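Some notes on the structure that comes next.
The values are calculated or read from the model by the stated rules, or taken from the named source; none is laboratory data. Predicted model only: the values in this text are computed from it and were never measured. We place every Cβ from the backbone using ideal geometry, glycine too, and count neighbours over all the protein chains shown.
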Amino acid sequence: MNAAALLHLLQFASPALPIGGYSYSQGLESALEAGLVHDAASGRAWIARYLDEVVANWDAPLFWRLLKAFEARDDASVALWSERFLASRDSAEFRAETIQMGFSLSKLVAELGVADVDALGSEVGLPTAFACAVDALAIPHQEALLAMLFAWVENQVLVCVKSVPLGQVAGQRMLLSLRPEIEQAAQRAQTMGDDAMSNWSPGLSILSMRHEVQHGRLYRS
């Protein structure tokens with residue numbers, strides 16, 4: 001991986017970008033409100049289980065398919081997996097989250113002259129926009145997948161740091177401890193068959209729906 005591709009990847013994977021990833025908790029704030037997450041141990045357990053049961057079984061393999069579809073210039077597959085991802089967002093907040101960040105990233109790469117995103121449609125999920133940027137910048141797929149997973153985990157850890165709350169060292173310790181789970185999720189995503197993919201997580205869906213009416217929220221999901 002050359003230096004230019006690495007720097008591009010670090011830029012576009014960062015939750016601090018203007019796509020607003022840092023403003024979403026993806027259900028974690030509801031788990032905090034319900035007392036399911038209350039310290040470093042329960043925070044790590046939440047993130048690891050979410051990563052294993054949802055992200056590694058759906059988001060990551062779907063992103064991998066989008067990367068391959070863009071590489072092959074397979075517009076039909078890009079449209080198929082983009083539509084399936086949007087359909088899998090089973091709460092208003094989850095759907096609004098990915099569309100907002102997908103729109104922001106699409107607009108960013110277009111304004112920077114990185115890629116032409118007009119063909120992606122009016123409602124673009126974040127995985128589609130990210131895969132489009134990865135393809136346009138010739139970023140290696142394995143590194144892009146790891147960066148996507150790491151950015152998701154990092155954002156979840158930041159929610160714990162700010163809202164449990166945890167100290168910065170505790171947050172870094174948690175992030176470091178999750179490296180094996182990130183690597184396992186990446187490996188699974190690259191080999192998982194279509195029929196094995198699943199985002200079945202009714203408890204998470206209920207927490208997300210509760211968050212829509214939760215009082216005193218810091219995050220948008």
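Identify the residue in the stretch 163-220 that is outside any helix (DSSP H, G or I), within 20 Å of A45 (Cβ to Cβ) and of a type outside the set (F, W, Y) and, among all such residues, is nearest to the chain's Cα centre (by Cα). In this case the residue turns out to be N199.
Within the stretch 52-65, is there a residue that is of a type outside the set (D, E, K, R), in contact with a His (Cβ under 8 Å, 6 or more places away or on another chain) and farther than 16 Å from Y24 by Cα? Yes; the residues of the stretch 52-65 include at least one that is of a type outside the set (D, E, K, R), in contact with a His (Cβ under 8 Å, 6 or more places away or on another chain) and farther than 16 Å from Y24 by Cα.
Of the residues L9, L36, which single one is more than 18 Å from L146 (Cβ to Cβ) and either buried (at least 16 other Cβ atoms within 10 Å of the Cβ) or among the aliphatic types (A, V, I, L, M) (or both)?
Values: L9 fails: more than 18 Å from L146 (Cβ to Cβ).
Going through L9, L36 in turn, just one is more than 18 Å from L146 (Cβ to Cβ) and either buried (at least 16 other Cβ atoms within 10 Å of the Cβ) or among the aliphatic types (A, V, I, L, M) (or both): L36.
Taking the residues in the stretch 81-97 that are in a helix (DSSP H, G or I) and basic (K, R) as candidates, determine which candidate is surrounded by the most Cβ atoms within 10 Å (Cβ to Cβ).
Kept after step one, since they are in a helix (DSSP H, G or I), are these residues of the stretch 81-97: 81-87, 92-97.
Now drop any that are not basic (K, R), which leaves 84, 95.
Working: R84: 16, R95: 18.
Residue satisfying both the conditions and the ranking: R95.
Answer with yes or no whether S30 is part of a loop (DSSP other than H, G, I, E, B), surrounded by 17 or more Cβ atoms within 10 Å (Cβ to Cβ) and of a type outside the set (K, R). No; evaluated as a whole, the condition is false for this residue.
The residues listed here are M192, M197, M174; of these, the one that is crowded, with 20+ Cβ neighbours inside 10 Å and either farther than 22 Å from Y22 by Cα or at pLDDT 95 or above (or both) is M174.
For (1) of a type outside the set (D, E, K, R); (2) over 27 Å from V213 (Cα atoms); (3) in contact (Cβ under 8 Å) with a residue 40 or more places away in the chain; (4) in a helix (DSSP H, G or I), each residue gets a yes or a no:
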position: Q100; (1), (2), (3), (4): yes, no, yes, yes
position: L105; (1), (2), (3), (4): yes, yes, yes, yes
position: L108; (1), (2), (3), (4): yes, yes, yes, yes
position: V124; (1), (2), (3), (4): yes, no, yes, no
position: T128; (1), (2), (3), (4): yes, yes, yes, yes
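Condition check ((1) within 25 Å of L7 (Cα to Cα); (2) touching a residue at least 24 places away in the same chain (Cβ under 8 Å); (3) out of contact with any Phe, Trp or Tyr (no Cβ under 7 Å at 6 or more places or on another chain)) across all residues:
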| residue | (1), (2), (3) |
| --- | --- |
| V157 | yes, yes, yes |
| A170 | no, yes, yes |
| Q184 | yes, yes, yes |
| A189 | yes, yes, no |
| N199 | no, yes, no |
| G203 | no, no, yes |
| I206 | no, no, yes |
| R210 | no, yes, yes |
| H215 | no, no, yes |
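Table: residues versus (1) touching a Pro at 6+ places or on another chain (Cβ under 8 Å); (2) farther than 26 Å from D39 by Cβ.
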{"position": "G125", "(1), (2)": "no, yes"}
{"position": "W152", "(1), (2)": "no, no"}
{"position": "P165", "(1), (2)": "no, no"}
{"position": "A170", "(1), (2)": "no, no"}
{"position": "A189", "(1), (2)": "yes, yes"}
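Pairing each residue of the stretch 56-80 that is part of a loop (DSSP other than H, G, I, E, B) with any residue that is at pLDDT 95 or above and surrounded by fewer than 21 Cβ atoms within 10 Å (Cβ to Cβ), provided the two are 6+ apart or on different chains, yields no C-beta distance under 7 Å.
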